[in-house]
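Here, each number is a calculation from the coordinates, and none is a lab measurement. The structure presented is a predicted model; accordingly, all values stated were derived computationally and were not measured. In this analysis, Cβ positions are derived from the backbone assuming ideal geometry, glycine residues included, and neighbour counts consider all displayed protein chains.
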Amino acid sequence: MTVRVLLADDQAIVRAGFRTILEAEPDLEVVGEAGDGGHAVRSARRLRPDVVLMDVRMPEMDGLEATAALAGHDVADPIPVLVVTTFDLDEYVFSALRAGASGFLLKDLDPDDLVEAVRVVARGDALVAPAVTRRLIDAFAHATPEPTAPSAALDDLTERETETLRLVAEGLSNAEIAERLVVGPATVKTHVASLLRKLALRDRVQLVVFAYEHGVVRPGQR
């Protein structure tokens, strides 16, 4: 199956570079480009790509607004957005994740990583590689305001599901969670799937955001 991608970046040379990398793969197709957020939203709604590769800083409407318009929690039929930033752990990335982005990339990444990231998001997964998740979470957590009141949905979680949520928010991979809980990886996958369903969340990124915003974990907690 071909993965259809929309490129949104205000620099034509960046879009050209991404197009060259992606279209070298037989299963990836760039179906459109946009130089600003407004154009990106209009094009995405018209073309319905599988993934939007979204820059953060753009004219007319920035990538944060565009992400919320396409993948926000109140969007009936969201389009997966993969946010791209020039700055490592840029504060804008945290806002993008809250806006509904399925993950983030840095523009200095290797071409193979870009290709794999697009495939991951197209499959419906979140791009939260354990190698960078801990650094992201540390910065994200300290940029998070005081927790909101605990969600009533937390009451529906089992003790093991709550513990799994806490470990996901700490940046552990499924394998690490399995080792910590002394269970098999398949069991962890089941717990994560149950968490997403019960909390009405889309992916692992949203689980991290939810956990910090509702006080399941707090900055510096390990």
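Of note:
- FRET efficiency estimate (nearest 0.05) - Cβ-Cβ, residue 198 to residue 1, R0 41 angstrom: 0.90
- The protection proxy used here, the mean number of other Cβ atoms lying within 10 Å of each residue, ranks peptides 20-32, 158-170, 55-67, 192-204 as follows, highest first: 55-67, 158-170, 192-204, 20-32.
- Of the Cα atoms belonging to region 1-58, the radius of gyration and Dmax stand at 10.6, 31 Å.
- Region 3-127: C-alpha pair distances exceeding 19 Å, %: 37
- Table column - 3J(HN,Hα) (Hz), region 154-170, Karplus curve with 6.51, -1.76, 1.60, x for Gly and Pro: 5, 5, 7, 7, 6, 4, 5, 5, 5, 5, 5, 4, 4, 6, 4, 5, 7
- Dividing the C-alpha radius of gyration of region 147-213 by 2.2 N^0.38 Å, with N its residue count, gives 1.02.
- On the basis of the beta-carbon distance and an R0 of 25 Å, residue 77 and residue 123 show a calculated FRET efficiency of 0.90.
- Applying 1/(1 + (r/R0)^6) with R0 = 35 Å to the Cβ-Cβ distance of residue 47 and residue 182 gives a FRET efficiency near 0.15.
- Taking Cβ atoms as reference points and 13 Å as the exclusive limit, the residues near residue 68 contribute a net charge of -2, counting Lys and Arg as +1 and Asp and Glu as -1.
- Rounded Å value of the spacing that divides the Cα centres of region 168-222 and region 1-72: 29
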